[in-house]
1. Which log10 I(q)/I(0) values, to two decimals, does segment 217-367 give at q = 0.12, 0.16, 0.17 Å⁻¹ under the Debye formula with one point per Cα?
2. Based on the alpha carbons, how large is the Rg to Rh ratio for the chain when Rh follows Kirkwood?
3. Assigning unit charges at the beta carbon (Lys, Arg +1; Asp, Glu -1) and nothing else, what dipole magnitude in debye, to the nearest 20, does the chain show about its Cα centre?
4. With a cut-off of 8 Å between alpha carbons and a minimum separation of six or more residues, what is the relative contact order of the chain in percent?
5. Less than 19 Å apart at the alpha-carbon level, and either on another chain or at least 8 residues along: which lysines does that give for LYS184?
6. When the chain is modelled as a GNM with alpha-carbon springs shorter than 10 Å, which of GLY238, GLY147, GLY28 fluctuates the most?
7. May I ask you to sort LEU110, LEU295 by Cβ crowding, counting other Cβ atoms within 10 Å and putting the fewest first?
8. Can you list the DSSP H helices in the chain whose Cα atoms extend at least 24 Å along the helix axis and whose mean Kyte-Doolittle hydropathy is 0.0 or higher?
Amino acid sequence: MVRAADAPIRELDVGVYTIPTDAPESDGTLEWNATTLVTVCCSAGNARGVGYTYADSATARLIVDKLKPLVVGRDAMDVAGCWDAMVHAIRNLGRPGVCSMAIAAVDNALWDLKGRLLDLPLVKLLGQVRSAVPVYGSGGFTSYSDGQLSEQLSGWVASGIGRVKMKVGREPQRDVVRATTARKAIRDAELFVDANGAYTRKLALALARAFADQRVTWFEEPVSSDDLQGLHLLRTRGPGGMDISAGEYGYDLPYFRRMLEAQAVDALQADATRCAGITGFMRVAGLCEAFAIPLSSHCAPSIHAHPCCAATPVRHLEWFHDHVRIERILFDGALAPAAGALQPDLSRPGLGIELRAADANRYAVAA
Ligand SMILES: [Mg+2]
C-alpha cells in the first residue's frame, strides 16, 4: 500500500471527445446532435485516476492552463485541499459555468485516484449508506416520434426500471397527448416529465393538472429554474403527489441554498460534473439534509453511482439515455442497473471505470 506522504500527483492529462447522438435529440428549450465529454486522467504512486465532465471543449483549455499547475505535486490524499486551491484560483473567472465544470472533471479524477491508491471502491471511501441507488430511465426527447417515445420508455420498464422521464415543452399543445401516449406504453410505472424551463407560470400550472390525470409524479423545471417564485407557485398550487424539481444548473452551494430557502422544490437535483465535482455534490447532499429535501443526481451515471450510495438524502439517479450510451462506448466498468437500481462494483477501486483509449480516440477532438 502506498502511504499518503508517498503520493504526490505526478501527471494530469486532459482529453476531449465529441460523440454524435444515435438520433436527433431535443427538449423544451435546446436541440443537439452530439455531446462533448472532457476527461481528466491523473496519476500518483502506481495508480491512475479518471474523471470527466460533459462540457464545452474550452473547459479542457482552462484545466490545462489554470488547474493542472495547482494540482500537480500536491498529495493525492488531499482531495479537499486540491478543491480549495482550484476554487480559489478561478475567483476572477467566475465560479458558475465552465470553471466549475473544469474543477468537477479534476475533482472526480482525484476521488477516483485516491480510491485506487487505497484500493477502495469510492463508495467505501466516502462511507456507504445504501448498497444500490434506484434509477429512473430518462430520455423521451421531444424530437422522438410517438413510436420512439413509447418504445424507449416501455423498454426501460420491461428491463425492471420502475420510473421513467420524458421531455415536454417544445410543442405545449401536444404535451398532454404525448404524456397520454407514454402512460399507455408504461402501464403502471411512474411517469416523470421535464420541461427544461419551457413553460410560463400559468401554462405550467394548467399542464400540471392535465399531467396529474396521467399520474405524473415528478414535474421538473416547469418554469425557468431561475424563477424561484414561479417554482414555488407550482409547488404550492400544483396537484398533490406531484414533486416539483430543479437544480441541474447549480454550480455552487449558494445557488442550491437560495433554491431551498425559496421553498422552490420538493426534490433538489445536482450534477457532480457541474457543481465542482463529487466534493461539491456531497456538500449539496449536506444542504439537502439540513432542509429535509431529497436529492436526485442529474445525468453522468458512472460518476454518480458511488456518491449516490454514500449520500443519505439521495432518492434516485438519472439514467440518461445519451450519457448511458456514451459511457458504455468509452468506459470499461460502466454499470448497468439490476432490478431498477445501480449497484457499485465493490471489486473495483475508485469509480470502477477505465477509459477505453482505442474506442475513445475515434471521437477525440482538439482541445
Ligand atoms: Mg432536466
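Nothing in this text is a laboratory measurement; each read-out follows from the coordinates by a stated rule. Values in this document were obtained by computation on a predicted structure and should not be read as measured data. For neighbour counting, all protein chains shown are included, and Cβ atoms are generated from backbone atoms with ideal geometry for every residue, glycine included.
1. Here log10 of I(q) over I(0) equals -0.55, -0.89, -0.97.
2. Taking Rh as the inverse mean 1/r over Cα pairs, Rg/Rh reads 0.97.
3. Here the size comes out at about 360 debye.
4. In percent, rounded to a whole number, it is 20.
5. Partners within reach: LYS165, LYS167.
6. GLY147
7. The fewest-first ordering by Cβ neighbours comes to LEU295, LEU110.
8. Values: long enough: 98-117 (29 Å, 0.74).
The answer, listed by residue number, is 98-117.
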